[in-house]
Number of protein chains: 2
Amino acid sequence: MADDRLSVIFAALADPTRRAILARLAEGDATVTELAEPFAISLPAISRHLKVLEQAGLITRSRSAQWRSSSLNPEPLREATVWMERYRQFWDTNFDRLDAHLKRMQTQTERNEK
Amino acid sequence: MADDRLSVIFAALADPTRRAILARLAEGDATVTELAEPFAISLPAISRHLKVLEQAGLITRSRSAQWRSSSLNPEPLREATVWMERYRQFWDTNFDRLDAHLKRMQTQTERNEK
DNA sequence: CCTATGTTTAACGCATTCGTTAATTAACGA
DNA sequence: TCGTTAATTAACGAATGCGTTAAACATAGG
């Protein structure tokens, strides 16, 4: 994987387990064990996923006694979205075209039904 | 890599060469050779990148004689953004300002094009 | 100090990714 | 038909990703 920031962010998001972890953290901070609970994979595997998310800046971590709490940091998601914004105009216009197309189809169908 | 749709999309975006190809295609369709030109990598490597982008649905391809033209399909970017929208509420308050800024930019661009 | 609990690190295997060069396929055009 | 151009496929190697189990580390608390 390339080591530029956006690549690291997208690569971190390219795993469903990691996206699920982010979804869980959106509901509140959690320890490693809590985060691991819904998954059928080992604790070390979760630990690695957290490291990936941390390196992408998507989570921050704090220690309290032997527990390490993770919390969501959505800033990289904003960065990723900013990058995609360049294409928004593109997809909006495509949608307009698709929408118009669908409307024409509908009109045609209605005519055929009469 | 997991084979769910979002994972495939994010994985496709996790490579700077592929993102550069998308950026180029935003300016208009191009052949494989044209797309390869800015990069110091071989044509087969570009061909593979295009395959990855195609499988992610980010480009569509057409053939005319011996040239294969690629064109941007931004729909998967919309999907990725939709996924990220869930986290928008967590984003930096600066984001609202940025978003407003981007919207203004777009409106301005649209005006300029008329 | 010893043990239990939470988490990470080490060491390994397997699959995938990304690049290469060489060979192959496809289509045009003299 | 033959040579040229465009692109893909084949075959290979090095690096990375993701999982495992076993061992190590860190802290609380009797």
Could you tell me which residue of region A:9-29 is nearest to A:Ser71 (Cα to Cα), considering only residues that are part of a loop (DSSP other than H, G, I, E, B) and facing chain B (nearest Cβ under 8 Å)?
-> A:Ala26
Do you know which of the residues in region A:27-44 that are in contact (Cβ under 8 Å) with a residue 24 or more places away in the chain and surrounded by 13 or more Cβ atoms within 10 Å (Cβ to Cβ) is farthest from DNA strand C (Cβ to nearest atom)?
-> A:Asp29
Top-ranked residue in region A:37-81 [being of a type in the set (Val, Ile, Thr) and within 11 Å of DNA strand D (Cβ to nearest atom); ranked as nearest to A:Glu27 (Cα to Cα)] | A:Ile46
Could you tell me which numbered condition B:Ala14 fails, if it satisfies all but one of (1) within 13 Å of DNA strand C (Cβ to nearest atom); (2) farther than 24 Å from A:Arg19 by Cα?
-> (2)
Candidate set: region A:45-69, residues that are near DNA strand C (Cβ under 8 Å from one of its atoms) and in contact (Cβ under 8 Å) with a residue 12 or more places away in the chain; chosen: the one nearest to A:Ser7 (Cα to Cα) | A:Leu50
For the subset of region B:48-91 comprising residues that are touching a strand residue (DSSP E or B) at 6+ places or on another chain (Cβ under 9 Å) and assigned to a helix (DSSP H, G or I), which member is nearest to the other protein chains (Cβ to nearest Cβ)?
-> B:Phe90
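Every read-out reported here was derived from the displayed coordinates using simple, explicitly stated rules and does not represent laboratory data. Computed from a predicted structure; not experimentally measured. Methodologically, a virtual Cβ is constructed for each residue, glycine included, from the backbone with ideal geometry; neighbour enumeration extends over all protein chains shown.
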